[in-house]
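**Student:** Can you keep this structure in mind? I'll have questions shortly.
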Amino acid sequence: MLCPTLTVLAASLLAACGGGGDSSGPFAFPPPAASNITVSGVLAASAFKPGSSTDPVIGAGYYAGATVCVDTNNNGRCDSDETSAVTDANGKFSLSLSGPSALIADIGTKAKNTAAGTNVTSREVLRVTLDQVKEQGTAVVVSPLSSEVARLMEANSTTYAIEKQNLATRLGVPVASLLGDVNTASGKVQTALLNEANALNNRFAYATTKLDRGDKFPDALANPGGDPRLSGTAGVTAATATVVDNRQPITFLQSQQAAFNVEGIPRYDNIFIVMLENKATMSILNSAYAPKINGYLKAGNQLVSYYATGNPSEPNYTALGGADDWGITDDSQWNCDATGANAVQDLPTPDNLQPGLAKSPFSATCTQAAAVNHNIVGKPNLFNAITKAGLTWRTYSESMNPGQDFRTDSVADTAVTAQDNVYAPGTLGGNTTAVGSAALTLPLPAGLYKTKHHPGMAYQNVRSAPEWKYSNRTMGGGQWDANLKNGIATYTIPASYDYDQLGTDLASGNVGNLNFLVPDQCDDMHGINVVGTDGVTKASDCSSVANNVSATAVSPIITRGDNYVDYTVKRIQASPLWQNPQKRVAIVLMFDEGNAQSGMNSCCGWVPTNVGTANPLKQNADGTWSVDNSITNYGGVGKGNGGNHGHGESIFGILTNQANAPKGVSDSDAYSHFSFVRTLQDMFQLADPASDASYMNRSKYTEAFVAANIMNLPEYTGSADTHFDSVRPINHAFVIPASYAQKQSADVSTTAQVGPDANQLNVWSLKQ
């Protein structure tokens, strides 16, 4: 007991003499010798393995030959004077430090990712917070997940505990497993961790690229007020060439935030795009026949100047799949004029020799006047890009014949009948009828599902992708659903056939990152004529023009579509996915095209002078651009002077599950299908704003790109408004000049807005 007593006594005497922490004086004691601690752990890796016919396969591994250090100057590099260690063949490292410290992993191109078995292709920096180092000590795991916790703490000004729990909640894994070594996890937990690690790894590698090349912050097209690169540029309108570039080179921490907000578009986990048909803004906005859609527009955010590609449907869906319609101006089947280099490569071909398809022979119905290839070979598109990133896509289609091939239109089945909705508000496949009408019993008509309404159908490399069959799924809600399984064997009905995979997937969470939801031609407001069991065409609410109800014109089909939208949105909003506040989920309500047939319809990537469509551009090996003449009849015989020229305005509504996101925002800047494709590329980090070539097809046609390549883009030489005629992401960054009157197409009757919007809030924002 002597030593403790003497120690206490000495301390008391020291305090009494006013010594406190002073090491001088008669009772001074030397400070304790510094003792280093050991911080050790692993640097975990993941790698996407292409070729899966189902969901992506992500492998687990480690980074060997990477440097782990204390980044004392916070520059995102392990400098020579900073304490560091190199990971061994199993990703292990060990550091001797004076105390716990935050760490970074500087993963250079000499490092090897053991999950892929190859060297890293570009430098990447991952992080681990001080809190995690203190928590894990000699079992620290540096990974994309540890980096994401650090990033979220800075983005949200919150704590390690909060963001660790939030991320675990978003992924649906135990918080204790979140920051462990993914190589030792198993089952669904490991799958969830690997999928997220893959997506995060893409982002953090991109962040490091932005840092290393000295990008300015923010991205040019996310700069408040407009694109600063246009200042003083010849050939652009004065309204867009006055923004001063006050941006500075991006910092390490800024780069990690910017990688999750590409061109001002935040990362979302899942987006559902509900595709509707053929209704202009003035047909839907404030319509008494579409109260539910209008309610969603008011509850969420909306674009009020959104333009389509052309008329009819097929060019629009093809443009939504890959930012060009490739000269298609009709609804002909996807194998029409597919010859030579564009010949169909599908194996097996979905002809009438395939099991169950005897009543659905594969014969093209081609209506175009001139040879226009409908099978797009070798061109980039959203579906291939999503898969290449290790992400997932789904296309859900309503009223499929059970077991049919998605590459064929649905066929009639007279044995499958149902009572019609008869435009009664609030019904979906119910028996309620309009006043004075008898209930209609109608057989299943042909063409409820049409290949022309599939955004990926025209692309050969989508139909040939390993995941094609797996990623195309059914969607319920049609009036014939209940009786489909009792029909004749028009198709061989597979065992355990799921008539509503959307409902199943919403319950399980197994939806895609990108989801196109395609109602049938009765529920999407397109309409078809339905022939009754007596062989007479009936005044069904599926008719595009309601027979015998001229007083309401096309209101029945609008009401029917309005009801189906409500049904679909409510299903998504009731799902565990939407209800998880840490998941970032959005629903888009949109139309393929409006109603305009003449007037000023061109916008945002199409021909401003309406005098013909020049072929798109291709990048040469030396980085220059030239005209791509490989596309048959791209601007030849078709609509007007050749090709599409853009089309009228239609509704575009955005709903998110983010409680703190801004609501009620109207963005009146001009956008198009090409703008939306660019936005989706940014949302899922499929492209790089510093590389025009990384944006697919016409989505690269920004004002800066057009100005730089004007000699190869003769269609733009007559542009009087280069901002309106070019493509930009849907980020609400551009501030409309005070004297600028909003342009409108021929199918919009509202008074044109003059000057900027009431606010510049981003319609995709995750928080105010």
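**Student:** What fraction of the DSSP beta bridges in the chain is antiparallel, stated in percent and rounded to the nearest 5?
**Tutor:** Taking every DSSP beta bridge within the chain, about 65 percent pair in antiparallel fashion.
**Student:** Straight-line reach only, C-alpha to C-alpha below 18 angstrom: list the aspartates and glutamates that residue 134 could link to, leaving out same-chain residues fewer than 8 apart.
**Tutor:** 71, 148, 163, 181
**Student:** Taking 7 Å along the Cα-to-C-beta vector as the label spot, tell me the residue 49-residue 529 distance in nanometres, rounded to one decimal.
**Tutor:** 5.6
**Student:** Expressed as cubic angstrom per residue, what is the convex hull volume of the alpha carbon set of the range 173-253?
**Tutor:** Taking the convex hull of the Cα positions in the range 173-253, it is 144 Å³ per residue.
**Student:** For an R0 of 25 angstrom, estimate the FRET efficiency from the Cβ-Cβ distance between residue 497 and residue 464 and round to the nearest 0.05.
**Tutor:** Working from the Cβ atoms, E equals 0.55.
**Student:** Still on this model: Straight-line reach from residue 485: which aspartates and glutamates have Cα under 17 Å away, leaving out those fewer than 8 places along the same chain?
**Tutor:** 398, 405, 413, 498, 500
**Student:** Oh, and also: What list of ³J(HN,Hα) values in whole Hz, one per residue of the range 525-533 in order, does the Karplus curve 6.51 cos²θ - 1.76 cosθ + 1.60 (θ = phi - 60°) give from phi, with Gly and Pro shown as x?
**Tutor:** Per-residue couplings from phi come out as 6, 6, x, 9, 7, 9, 8, x, 5 Hz.
**Student:** May I ask you to derive the FRET efficiency for residue 371 and residue 721 from their Cβ-Cβ distance with R0 = 45 Å, giving the value to the nearest 0.05?
**Tutor:** Using R0 = 45 Å, I get an efficiency of 0.85.
**Student:** A 30 angstrom limit on the alpha carbon distance is what I want to check against. Which of 188/570; 452/570; 292/379; 210/570; 49/452; 110/188 exceed it?
**Tutor:** Beyond 30 Å: 292/379; 210/570; 49/452; 110/188.
**Student:** Now for a separate question. Cut-off under 12 Å on the C-alpha distance; same-chain residues fewer than 8 positions from residue 538 excluded. Which aspartates and glutamates are left, in chain and number order?
**Tutor:** Here the aspartates and glutamates satisfying the reach criterion relative to residue 538 are 420.
**Student:** Can I ask one more? Based on the Cα atoms of the range 42-180, what semi-axes does the equivalent ellipsoid have, where each is the square root of 5 times one gyration tensor eigenvalue, given in whole Å with the largest first?
**Tutor:** 23, 21, 13
**Student:** Another question about this same structure. With each pseudo-label sitting 7 Å past Cα toward Cβ, what's the residue 80-residue 414 distance in nm, one decimal?
**Tutor:** Placing both labels 7 Å along Cα→Cβ, they lie 8.7 nm apart.
**Student:** Right, next: Take the Cα radius of gyration of the chain and divide it by 2.2 N^0.38 Å, with N its residue count; two decimals is plenty.
**Tutor:** Output field value: 1.08.
**Student:** Arrange the following residues from fewest to most other Cβ atoms within 10 Å of their Cβ: 713, 194.
**Tutor:** Ordered by Cβ neighbours within 10 Å, fewest first: 713, 194.
**Student:** Using the beta-carbon distance between residue 246 and residue 135 and R0 = 35 Å, what value does 1/(1 + (r/R0)^6) give for FRET efficiency, to the nearest 0.05?
**Tutor:** For R0 = 35 Å, the calculated efficiency reads 0.30.
**Student:** If you fit an axis through the alpha-carbon atoms of helix 313-322 and take the longest principal axis of the Cα set of the chain, what angle between them do you get, 0 to 90°, nearest 10?
**Tutor:** Between the helix axis and the principal axis of the chain, the angle is about 20 degrees.
**Student:** Please compute the length gained on full extension between residue 98 and residue 754, using 0.36 nm multiplied by the number of residues separating them and subtracting their Cα-Cα distance.
**Tutor:** Full extension of this stretch gives 229.8 nm more.
**Student:** Full extension from residue 629 to residue 341: what is 0.36 nm times the residue separation minus their Cα-Cα distance, to one decimal in nm?
**Tutor:** Roughly 102.3 nm would be gained on extension.
**Student:** Same structure again: For the charge dipole of the range 225-306, defined by +1 on Lys and Arg C-beta atoms and -1 on Asp and Glu C-beta atoms about the Cα centroid, which residue among 239, 274, 284 has the Cα displaced farthest towards the positive pole?
**Tutor:** 284
**Student:** Here's a follow-up. Decide, for the range 200-297, between rounded, prolate and oblate: order the square roots of the alpha carbon gyration tensor eigenvalues as a ≥ b ≥ c, take rounded if a/c falls under 1.5, and otherwise choose prolate if a/b is larger than b/c, else oblate.
**Tutor:** Cα axes put the range 200-297 in the oblate bin.
Bear in mind these aren't lab numbers, they're just calculated from the coordinates by the rules spelled out. These numbers were taken from a predicted model, which means no experiment stands behind them. Counting neighbours? That spans all protein chains shown, and the Cβs are built from the backbone with ideal geometry, glycine included.
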